[in-house]
Amino acid sequence: MQERTHHPSGPLGLAIALAATAGFVDAHIYVNVTPVFVANMSGNLIHMGISLGEGDWFPALATVLALGAFTAGVIIATVHHDRQVTRAREVHPAFLLAVESALLVVLTTWLIAIPTTFTARPRAADLPVIVLAAMAMGIQAGALRRVGEIAVATTYGTGAIVRIGEKVVLAARRADRSSVHRRRVAIAVLLVVLVSYVAGAVIATVAGSSPWLLTVPTAVLVVCALASHVGRLTEIEDAAEVS
């Protein structure tokens, strides 16, 4: 069985909304709670290395928990997709986006019920926040993997930057001219998703520190889950009419 069957696809609009959501949540936690990334795991690996090098064990533990929770989210998403594939059903992001939005509701409720102020060094009280947010982002990372035939990531940007650079060089060297249009489309899609991720972080930083602001990305996720579900039902109905 090919792994590609476990990589759900969706429209560009969905990828844009999810990338902006991830950027918002990541920046909100990093700026207003404690400097641990809940979506950008590459940054956490460096944070962990620095903390370990300085012998500062608790911040290292916080990043390890973020990495573990994010990985757990990816595992949850993959198990769900695998069950769908085993049952001969098409993988689809709607259910996982609903689960992610539920986790963000719990996260928002936690931050409202237990007000917290920013601290440069993670505290024990910050650990549940990190785990909830990172798990939600891990689920999102596995919920949508492609826009059409183009592989995308909505919770981090490193891979997109590498692929954009690669495709720009190939375009400049006029490599494989039969793929010129597809390459241009891929560059455009990757750039738009990457910009959306950064825009979400900008909005979160400018918006302020109120935990109520997390209701915005949560609402976006609910809309995305509903739209994705309705879109899937429409596809099924259209297929039934054709058959």
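Structure summary
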{"read-out": "Karplus (6.51, -1.76, 1.60) ³J(HN,Hα), θ = phi - 60°, over the stretch 11-19, in Hz, Gly and Pro reported as x", "value": "x, 4, x, 5, 4, 4, 4, 5, 4"}
{"read-out": "Extension gain from residue 110 to residue 54, taking 0.36 nm per residue of separation minus the Cα-Cα distance", "value": "17.0 nm"}
{"read-out": "Overall Cα dimensions of the stretch 1-99, principal axis frame, Å, largest first", "value": "50, 28, 19"}
{"read-out": "For 26, 126, order by how many other beta-carbon atoms lie within 10 Å, fewest first", "value": "126, 26"}
{"read-out": "FRET efficiency for residue 120 and residue 149, using Cβ-Cβ distance with R0 set to 41 Å, rounded to 0.05", "value": "0.40"}
{"read-out": "Residues whose placed amide H lies under 5 Å from that of residue 39, excluding near-sequence neighbours", "value": "none"}
{"read-out": "Hull-based mean projected area of the chain, where the convex hull spans the alpha carbons, in square nanometres", "value": "15.3 nm²"}
{"read-out": "Distance (nanometres) between label positions extended 7 Å along Cα→Cβ at residue 45 and residue 172", "value": "2.6 nm"}
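We did not get these values from a lab; they are worked out from the coordinates using the rules stated. Computed from a predicted structure; not experimentally measured. As a convention, Cβ positions derive from the backbone with ideal geometry for all residues, glycine included, and neighbour counts pool all protein chains shown.
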